[in-house]
């Protein structure tokens, strides 16, 4: 029997780090006062420069790991890939928008005013339209998923993000009566996906050619990993410097925001898992497919929420809550997947 694997120290305690960053952010916000808003005004074409730099540092280490030449092998065993694409792009964004609309516009109307509800729905839509591209490698590893096929699934999703993210987000934001600044949305996807993707591909090709694949994997990627972690935590500190106090003052709001996000996560996982079983996928491909659908590319969602609505917006708050709840939920799904292997 294959032994269940252990999650890395940082990944395992990501929720704890988020909580620590919340405390640090609140402290920084209280000390800086209105002075911290200087950072939120450092914009070029509606892109906040400090946040953009931090997000590049988060996303680049993920992009540099993707071997897009693996996509050419996807056609040999397409069932799991087709399931992943359907769930991530034809189901997940729309179910997230539906759950957010039901909760924020109707079930919560006695607690949340309509303007805030629109921003919360927008943040949820951004999470739902950004399938996971990094942490899914962790979830796949922990459930003994096929690493090569997981790479193919992630690579294809990264390519689809370039084409589908803007129109899907634009459509769903429009449906919820939010004015869509398409120029900012387009600028965001170029800034936070295209540029780090291009840099990652060029770096990967150049380093493997000059240093070899083993050096690239064992030295370069190992040394690069802390950069992504530090950038993520620093970004969270910035976010909580603006919004952390409101979380402390109104924990009920955080709970209300978390409920539809939790429902969406479990819903997408189990529907993907069920269809995977129905079409007789092996566990090593079914589990990663379900994990990709359930988890989110929260770095992209946070970045675009800030670019579209501002660093202290309700939309940004929803994406941060998404970070807060994702790891505990995904670990519970890892346990489920390992318990019901087939």
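A few comments on the model shown:
- Estimated FRET transfer efficiency when R0 is 51 angstrom, pair residue 19-residue 67 (beta carbons, to 0.05): 0.90
- Extension gain, residue 201-residue 49: 0.36 nm per intervening residue step, less the Cα-Cα distance, totals 52.4 nm.
- Volume per residue for the stretch 42-339 equals 126 cubic angstrom (convex hull of Cα atoms).
- Take the Cα of residue 279, step 7 Å toward its Cβ, do the same at residue 262, and the gap between the two points is 3.1 nm.
- Distance between the pseudo-spin-label points of residue 208 and residue 115 (7 Å out from Cα toward the beta carbon): 5.1 nm.
- Legend: calculated FRET efficiency, residue 30 to residue 252, from the Cβ-Cβ distance at R0 = 22 Å, rounded to 0.05, equals 0.55.
- Each pair of Cα atoms in the stretch 111-169 enters the Kirkwood radius, and Stokes-Einstein at 10 °C and 1.306 mPa s then converts it into a translational diffusion coefficient of 118 µm²/s.
- Using the empirical formula 2.2 N^0.38 Å as the baseline, the Cα radius of gyration of the stretch 220-342 reaches a ratio of 1.23.
Each reported figure results from applying straightforward, stated rules to the coordinates on display, with no laboratory input. Note that the structure is predicted; figures quoted are calculated from it, not measured. In this analysis, Cβ positions are derived from the backbone assuming ideal geometry, glycine residues included, and neighbour counts consider all displayed protein chains.
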